[in-house]
Amino acid sequence: MIKRRIGALGIILAVIFLAACPKQDVIRKLAVVSKESSAAIKLFQQNEIQSYNAGLVSKEDHKAVQEILVSVGEIGLALDMHLRIAANDAQALDGLNLAIKDLDVLTVEISEKIKDESTKTKFLIAIAGVRSALSTTAALLGGQ
Amino acid sequence: MSDKTLVVAQLLGTLIPLGVKTYTEIRAANPSSNLPPIEDILKQADQNWQDVIDAAKKELGQT
């Protein structure tokens, strides 16, 4: 009787520990995706500012790019906050899918607001890279 | 308190600390435990996102 109880409790404890490990791994992977994405966007922004200062980007396009980058930054901060409070994989996935939807809206804005084809293409590639990293992670988690 | 309840309580009292100790030891021996804490990664991400926002606002103030 006691052996069976020890066995049952052992299984319960093992399940608790195993359940805890993947969650941390998933959140860690998503945190790394956010960090890498933010670094890539920051680099794009620095290049765009240099191009604008060199007279290669119009004032209107520069303003549109920076306005959209404010939104991109806010999406990133919201994702990080979501990852901090996520209690499980499903909640982490919710935050991820929300960020992907917001980025899709911004992709349309980039296409509509930015006139210069070169600037538009570079910005779309940068956003597509972030979206791709997020959607690949979402797919691995069983989402989109 | 019945005998059965007492036995279960004693088992829990023994197994839970043992499980926590084992888990802690496994984590300490696991190379992945040397990875930076998730909060540190998120702080770096936050800093980068905030840098993007601040730089964009600065640029918008100039245009």
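The values are calculated or read from the model by the stated rules, or taken from the named source; none is laboratory data. Being a predicted model, the structure only gives us computed values, none of them experimental. Every residue, glycine among them, receives a Cβ derived from its backbone with ideal geometry; neighbour counts consider all protein chains shown.
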Restricting the search to region A:76-96, which residues are of a type in the set (A, V, I, L, M) and either in a loop (DSSP other than H, G, I, E, B) or buried (at least 22 other Cβ atoms within 10 Å of the Cβ) (or both)?
A:L79, A:L83, A:A86, A:A87, A:A92, A:L96
Considering only region A:57-75, state which residues are charged (D, E, K, R) and surrounded by 16 or more Cβ atoms within 10 Å (Cβ to Cβ).
A:D61, A:K63, A:E67
Is region A:6-22 home to any residue that is part of a helix (DSSP H, G or I), touching an Asp or Glu at 6+ places or on another chain (Cβ under 9 Å), modelled with pLDDT of 65 or more and more than 8 Å from every other protein chain (Cβ to nearest Cβ)?
no
Of the conditions (1) closer than 23 Å to B:K58 by Cα; (2) at pLDDT below 95; (3) over 12 Å from the mean Cα position of the chain (by Cα), A:G142 satisfies every one except a single condition; which number is it?
(1)
Failed item in (1) within 10 Å of chain A (Cβ to nearest Cβ); (2) in a helix (DSSP H, G or I); (3) at pLDDT 75 or above, with B:L18 passing the rest:
(3)
Give me a count of the residues in region A:97-117 that are in contact (Cβ under 8 Å) with a residue 40 or more places away in the chain and in a helix (DSSP H, G or I).
5
Does A:S71 qualify as being within 12 Å of the chain's Cα centre (by Cα) and either assigned to a helix (DSSP H, G or I) or farther than 20 Å from A:N97 by Cα (or both)?
no
Scan of region A:40-56 for residues that are surrounded by 14 or more Cβ atoms within 10 Å (Cβ to Cβ) and at the interface with chain B (Cβ under 10 Å from one of its Cβ atoms), ordered by number
A:A40, A:I41, A:K42, A:F44, A:Q45, A:E48, A:I49, A:Y52
